[in-house]
Amino acid sequence: MEAKIILAYRGKREAEAVTRAVSPDNVKVPSGLSINTTRRGAKVFTLIKCEITLPTFIATIDDLLSCASIAEKVFSVASKWKVA
């Protein structure tokens, strides 16, 4: 199974924040599962390959999207703060 997920943002900074937030998923994965996330401009590209179970594949996609959503919310709140 394979999933290609593309998330588009308003700018490079937001895309970079999301990329950094989900990048730890690129390192620690079980055998038979690979996750590769990169940023190009204001887009985040993730390729998930799963040679194990469907529940693992679905859980991986869910985890990735949950982490991206949290990063988006944090970025949104942080970008509203004004630093003196």
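Where a number appears in this text, it was derived from the coordinates with a stated rule and is not lab data. These numbers come from a predicted model, not from an experiment. All Cβ positions, even for glycine, are placed from backbone atoms using ideal geometry, and neighbour counts span all protein chains on display.
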Which order do ILE35, ILE61 fall in if you start with the one that has the fewest other Cβ atoms within 10 Å? ILE61, ILE35
Any idea how far the Cα center of region 8-24 sits from the one of region 57-72, in Å? 13 Å
For the chain, calculate the relative contact order in percent as a whole number, restricting contacts to Cα pairs under 8 Å that are 6 or more residues apart. 34 percent
Mean ellipticity per residue at 222 nm, deg cm²/dmol - from DSSP H runs of n ≥ 4 across the chain, formula -39500 (n - 2.57): -15500 deg cm²/dmol
Simple spin-label estimate for SER34/SER66, 7 Å along Cα→Cβ, in nm, reads 2.6 nm
Hand me the trypsin sites (Lys or Arg not before Pro) from the chain located in a DSSP loop with no more than 13 other Cβ atoms within 10 Å, in residue order please. ARG10, LYS28, LYS82
Excluding residues fewer than 8 positions from LYS49 in its own chain, the lysines with Cα under 22 Å of it are LYS4, LYS28
Extent of region 2-79 along each principal axis, from alpha carbon coordinates, in Å, largest to smallest? 39, 21, 17
Can you sort LEU64, LEU54 by how many other beta carbons sit within 10 Å, fewest first? LEU54, LEU64
Nearest 10 degrees, 0 to 90: what angle lies between the long axis of helix 54-80 and the longest principal axis of the chain (Cα atoms)? 10 degrees
